[in-house]
Every structure is written in structure tokens, then in C-alpha cells.
Amino acid sequence: MSEQLIEVVDQAGIVTLTINRPKALNALNSAVLTELDRLLGELQAREGLRAVLITGAGEKAFVAGADIAEMRDKTPEEARCFARQALATFKRLETLPVPTVALVNGFCLGGGCELALACDWAVASDNAIFGQPEVLLGVIPGFGGTQRLPRRVGPSMALDLCTTGRKVDAAEALRIGLVNRVMAQSELPAYVEELTKQLGGNGPAAVRAAKQAIHDGMDQDLESALALETSLFALCFAGDEQPEGMSAFVDKRKPNF
Ligand code: HXC
């Protein structure tokens, strides 16, 4: 790999961002966060974008946390700024109009776990290790972990993880719903291929509408959220994907979206 802090690969609109600080287990420092924010800003407006995947360079870590050496001497005000910088960047990631997936290929701790939680879903290699070990450092999660983790795994499990700081292996991460799938590390590239094929074959506007319905609906009461779904469902019938998709089914051929 070159010296870029984040490597970018675009395969038919499936963009993979690889955090590239393997010597520091891809720890998130200000420079990485700034670069991630810049890249996400570019992606927000990219035509033909189908999905964004995030992973870490090397075979040992996804992201082992925020950079502890950089954080050590921060004042409370500097810590607040650092957390806000990450929160804004993670919000950008979360609100991208396409599916976002964390490919967790090793240690996924602290800010790394919070980065994975800001993605729509996560898949893990079988050597992945998760945790929110901030209390071992005398702090708490500051990149959204106390809020996104309970929404993913429930408040009781989130309290367990955030107050003990214990580590969770891939099998447990799957069991508690922190990740959707576990595979051997060597199988991650094949998963990217599979996803590229699946998402590439689906109507891109429908995929975006599904994400919007779920994300925006989660912040609303059920009745309002169901009304949102109805609006987005009806809107699908105003585009050119629905006639093509349904005609293809009736004609017994593959749709061409
Ligand atoms: C800075 C880190 C780092 C981190 C690892 N490194 N994690 N540097 N910040 N979070 C560096 C090490 O200092 C070391 O550098 C190199 O990466 C390899 O790590 P080792 O510890 O030698 O590897 P190993 O013995 O295999 O242990 C792996 C590990 C351990 C278990 C993942 O590195 C570890 O516990 N890291 C910290 C995990 C953590 O506490 N994360 C949460 C951070 S707080 P050298 O130069 O010595 O080779 C956080 C808060 C977010 O994320 C919110 C903030 C607002």
C-alpha cells in the first residue's frame, strides 16, 4: 500500500475505504478523521454510488480505537473538539444515501467499534475482537458508542460492554447482533464481490429508498414511520425502476436497472 492515510477503491460504484495506519493498528487520529471526512463529503455527491465499505489495512486490525497517544495530553475542551470532529464525520457516514458496511478484519476497539456502529451493518472475520475498553483508560466512549451500541445490541449488553470494558470475540459479536455475518479473513474479498453483484443487480433508487425508510423511520413513532414507508413506496412507482423490475419478472428475464 502507498502512504495514503485512507486507500480508496471504486468497483462499479461499491467504494471501499481502507484506513491505512497498520503500524498503529489503524488508530484514528485527527489526520485520519479529517481525511475520512473529506472523502465522505466527496462520496455524498458521487453519482452512481452503490455502497461504501470500510475496513482496516493489514491482517491484525480494523481500527484499534482513537489514537491514545494523541489524546493523552488533551484538555477537556480539546477532548470535546476531538469527539465533535469524529461525531460529525460519523454522522456523514451514517447519512450517506447508500448502504454502508464495516468489514471488520481484526481488532475493533473503542473508536473503531464506534466507527463500525456508524455503518449500516458489519461483517467480521473470525479473528475479530470487539470492545469498548475506554473505562480501562479512565474515560467513556466519545465517538457515539454509548448511544449507537445500545441501539444495536440493547441497553443491558451495552452497559455490560461499556462498564466492564471486556472484549468480545466474533462468535459473541454475531450472537448479540453487533455483526451480521462472520467469515474467515480470507473470505472477505469474496464477500465484497458478492455484495457488488447483489447491490449491482438491484434498482439503485429502490436501495436508497429502503435505507431512507429504515433510517428516518427509526427516529419516528410507528404510525408516522409507516406513513413515510407508504410515501417512499409510492414514489418508487414514479421512477423507471419499478416498470422495468416488474416487467422483467413477468417476461421471465433479468431486470436491467
Ligand atoms: C494509538 C495504538 C492504539 C491506539 C494500538 N496502538 N492501539 N496507538 N492508539 N488506540 C499501537 C501500539 O501503541 C503499538 O505501537 C502498535 O499499535 C501495536 O500495538 P500493540 O499493543 O503492540 O499490539 P498487541 O500487543 O497485539 O495488542 C493489540 C491491542 C492493543 C490489544 C489492540 O494495542 C490495545 O489494547 N490497544 C488499545 C485499544 C484501546 O484501548 N482502544 C480504545 C482507545 S480509546 P508501537 O509504536 O508500540 O509499535 C477510544 C476512545 C474513543 O477509542 C472516543 C474518544 C473521544
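Table: residues versus (1) among the basic types (Lys, Arg); (2) under 16 Å from the mean Cα position of the chain (by Cα).
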{"position": "ALA102", "(1), (2)": "no, yes"}
{"position": "GLU114", "(1), (2)": "no, yes"}
{"position": "ILE176", "(1), (2)": "no, no"}
{"position": "ARG181", "(1), (2)": "yes, yes"}
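Of all the numbered requirements in (1) over 21 Å from VAL179 (Cα atoms); (2) among the charged types (D, E, K, R); (3) in a loop (DSSP other than H, G, I, E, B), ARG80 misses one, and that requirement is (3). Please work out which residue is farthest from GLY106 (Cα to Cα), limiting yourself to the range 9-20 and to residues that are out of contact with any Leu (no Cβ under 7 Å at 6 or more places or on another chain) and of a type outside the set (Ser, Thr, Tyr). The selected residue is ALA12.
Within the range 53-82, can you find the residues that are in contact with a strand residue (DSSP E or B) (Cβ under 9 Å, 6 or more places away or on another chain), more than 9 Å from the ligand (Cβ to nearest atom) and not charged (D, E, K, R)? Those that are in contact with a strand residue (DSSP E or B) (Cβ under 9 Å, 6 or more places away or on another chain), more than 9 Å from the ligand (Cβ to nearest atom) and not charged (D, E, K, R): LEU53, ILE54, THR55, GLY56, ALA57, PHE62. So, THR16, is that one of a type in the set (Ser, Thr, Tyr), crowded, with 16+ Cβ neighbours inside 10 Å and on the phi < 0 side of the Ramachandran plot or not? Taking the combined requirement at face value, the residue satisfies it. In the condition set (1) surrounded by 16 or more Cβ atoms within 10 Å (Cβ to Cβ); (2) in contact (Cβ under 8 Å) with a residue 40 or more places away in the chain, VAL32 is compliant with all but (2).
Looking at the range 101-110, is at least one residue within 12 Å of the ligand (Cβ to nearest atom), farther than 20 Å from ARG38 by Cα, of a type outside the set (D, E, K, R) and part of a helix (DSSP H, G or I)?
From the range 101-110, those within 12 Å of the ligand (Cβ to nearest atom) are 106-110; that's our starting set.
Going one step further and asking which of them are farther than 20 Å from ARG38 by Cα, we end up with 106-110.
Those still in the list that are of a type outside the set (D, E, K, R) too: 106-110.
After this cut, where a residue has to be part of a helix (DSSP H, G or I) as well, the list is none.
Checked the range 101-110: no residue is within 12 Å of the ligand (Cβ to nearest atom), farther than 20 Å from ARG38 by Cα, of a type outside the set (D, E, K, R) and part of a helix (DSSP H, G or I).
One residue stands out in the range 173-186 among those that are assigned to a helix (DSSP H, G or I) and without any contact (Cβ under 8 Å) to a residue 24 or more places away in the chain: the one that is farthest from TRP121 (Cα to Cα), namely SER186. Taken together, ALA12, ALA24 contain a single residue that is in contact (Cβ under 8 Å) with a residue 40 or more places away in the chain and either closer than 29 Å to LYS167 by Cβ or touching an Asp or Glu at 6+ places or on another chain (Cβ under 7 Å) (or both), which is ALA24.
Condition check: buried (at least 23 other Cβ atoms within 10 Å of the Cβ) and out of contact with any Phe, Trp or Tyr (no Cβ under 9 Å at 6 or more places or on another chain). Does PRO133 satisfy that? Spelling it out, it is not the case that PRO133 is buried (at least 23 other Cβ atoms within 10 Å of the Cβ) and out of contact with any Phe, Trp or Tyr (no Cβ under 9 Å at 6 or more places or on another chain). Scanning the range 138-171 for residues that are farther than 24 Å from ALA88 by Cα, within 12 Å of the ligand (Cβ to nearest atom) and under 18 Å from the mean Cα position of the chain (by Cα) yields a total of 0. Scanning the range 64-87 finds no residues that are among the β-branched types (Val, Ile, Thr) and crowded, with 17+ Cβ neighbours inside 10 Å.
Only one residue in PRO189, PRO141, PRO150 is within 20 Å of GLY65 (Cβ to Cβ) and free of Cβ contacts under 8 Å to residues at least 24 places away in the same chain. Which one?
Values: PRO189 fails: within 20 Å of GLY65 (Cβ to Cβ); PRO141 fails: free of Cβ contacts under 8 Å to residues at least 24 places away in the same chain.
Going through PRO189, PRO141, PRO150 in turn, just one is within 20 Å of GLY65 (Cβ to Cβ) and free of Cβ contacts under 8 Å to residues at least 24 places away in the same chain: PRO150.
Values in this text are rule-based calculations from the coordinates and carry no lab data. Computed from a prediction, not measured in an experiment: that's the story for all the values here. Cβ coordinates were reconstructed from backbone atoms using ideal geometry, including for glycine residues, and neighbour counts include every protein chain displayed.
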